[in-house]
Amino acid sequence: MTLKANLIRWHRWAGLAAAAFWLVQALTGVLIVFHWEIRDAFIPGAHRQTDLAAIERTVGQLTPEGSGARLGSIWTGAGAPDRYDVSITGDMPEANRSVRIDGAGQILVDGDFTGPAAWTTPLVLIHHHLLAGDTGSWIVGISGVLLVTNILSGLYIAWPKRGQWGRALRVQRKGQAAVRHYSWHRALGLIVGVPALASITAGVLLTFAGGVERIVQPAPIVAPADAPAGAASVGLAAAAGTALAAYPGSTLAAVYAPEGERPVWQIRVTQPDEARRAYGATRVFVSAVDGRIIARFDALDAAPSRAFVDGLFPFHTGEMGGLAGRIAVAAIGAWLVTMIIVGVLLWAARRKVRAR
């Protein structure tokens, strides 16, 4: 058999075998593109600008001395502005808790999200790892590789000769079902196939992020080993304020609490021109002993290897292109749903013809 004939068989049977799984991934992907905003839309509370001192006081109330509770991290909610998720860890797993606060430190949600937007959390987890941890991540990654090869084979099969593009992109609205389904499948594949391939490939690389980093080998971003030793005396507000002042116009993205004999605050900020619009990749390490910046990493001046690794997430989610980029990613997900449905209908129509 010729290469093209083999690819046609592969494209058909691989697509049918994985159609249901790809459909789940595509649908969850579409539904979670704006999950940050959807979740915040159902959390009441007026907008309050970020007050670092007030947030520090709230963290102190959540981690009273002698309770065994301590600050793990703080992350921007990424939806409504100036809202944050505070992670509190305890001596026992059941003591762990997550709290959503506003910019003034007022608690909006204490514990798991409930209400109309609660469905967003399981959908995110299904899309990432099928609610099955590392095993689920491997399944998602392998199915993603299969999807990438299926799109590549489809593009090779459908790619028209010179001068035939107009005919290839013309859909048939009359005639046999198999002819109509094929014309839609081919035209949609040629129009959206290449950008979809790029977005899905980025998602696959994110699933195998550890392996990608071992190959690309970006410089690690860690606190210096010679950070000042001593007791932590610099608070959250001072450390975060120092980091934000180092990059004027930036916003707070995340905070990692200091620990160990050389305690260091790791502060992530989002600069206005960063590809990651929510979870900025600029890091500032502030000594919890004397409040000095002991290391910093500017995401806008990153080496190519680091920029590639840090750029996978905003490219896959569309953040890199702002609102238009995220809408485009949602459209790619809707395209994949359509391609799967039309592909199955095409197979069924041809099967009916052969049976006759």
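The values are calculated or read from the model by the stated rules, or taken from the named source; none is laboratory data. None of the values given here were measured: they were computed from a predicted structure. Neighbour counts are summed over all protein chains in view; Cβ atoms, including those assigned to glycine, are modelled from backbone coordinates with ideal geometry. These area figures cover heavy atoms from the full protein model, side chains too; ligands, DNA and RNA do not enter into them. Shrake-Rupley method; radii C 1.70, N 1.55, O 1.52, S 1.80 Å.
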Practice item. Test SER183 against the stated conditions and say whether it is open to solvent by less than 50 Å² (accessible area, probe 1.4 Å), in contact (Cβ under 8 Å) with a residue 12 or more places away in the chain and under 30 Å from GLY311 (Cα atoms). Key: no
Note to self: Against the definition (within 30 Å of THR2 (Cβ to Cβ) and not in a helix (DSSP H, G or I)), how does LYS174 come out, yes or no?
What the structure shows: no
Residue pairs within 8 Å by beta carbon, gap of at least six or interchain, first lying in segment 41-58 and assigned to a helix (DSSP H, G or I), second of a type in the set (S, T, N, Q), listed first then second, are THR58/GLN106
- Message: Regarding segment 218-235, can at least one residue be identified that is part of a helix (DSSP H, G or I) and on the phi < 0 side of the Ramachandran plot?
- Response: no
Of the residues in segment 280-326, those that are open to solvent by 20 Å² or more (accessible area, probe 1.4 Å), in a loop (DSSP other than H, G, I, E, B) and among the aliphatic types (A, V, I, L, M) number 3
Within segment 94-130, the residues that are of a type outside the set (Ser, Thr, Tyr), modelled with pLDDT under 95, more than 25 Å from GLY68 (Cβ to Cβ) and open to solvent by 70 Å² or more (accessible area, probe 1.4 Å) are PRO116, TRP119
Taking first residues from segment 70-91 that are under 15 Å from GLY111 (Cα atoms) and open to solvent by less than 20 Å² (accessible area, probe 1.4 Å) and second residues anywhere that are of a type outside the set (Gly, Ala, Ser) and assigned to a loop (DSSP other than H, G, I, E, B), the pairs with Cβ under 6 Å that are 6 or more apart or on different chains are GLY90/ASN96
Residues in segment 267-279 that are at pLDDT below 95, surrounded by 18 or more Cβ atoms within 10 Å (Cβ to Cβ) and touching a Ser or Thr at 6+ places or on another chain (Cβ under 9 Å) total 3
The one condition GLY144 fails out of (1) open to solvent by 40 Å² or more (accessible area, probe 1.4 Å); (2) over 29 Å from ARG83 (Cβ atoms) is (1)
Among the residues of segment 279-312, the number that are in contact with a helix residue (DSSP H, G or I) (Cβ under 6 Å, 6 or more places away or on another chain) and under 18 Å from ILE32 (Cβ atoms) is 1
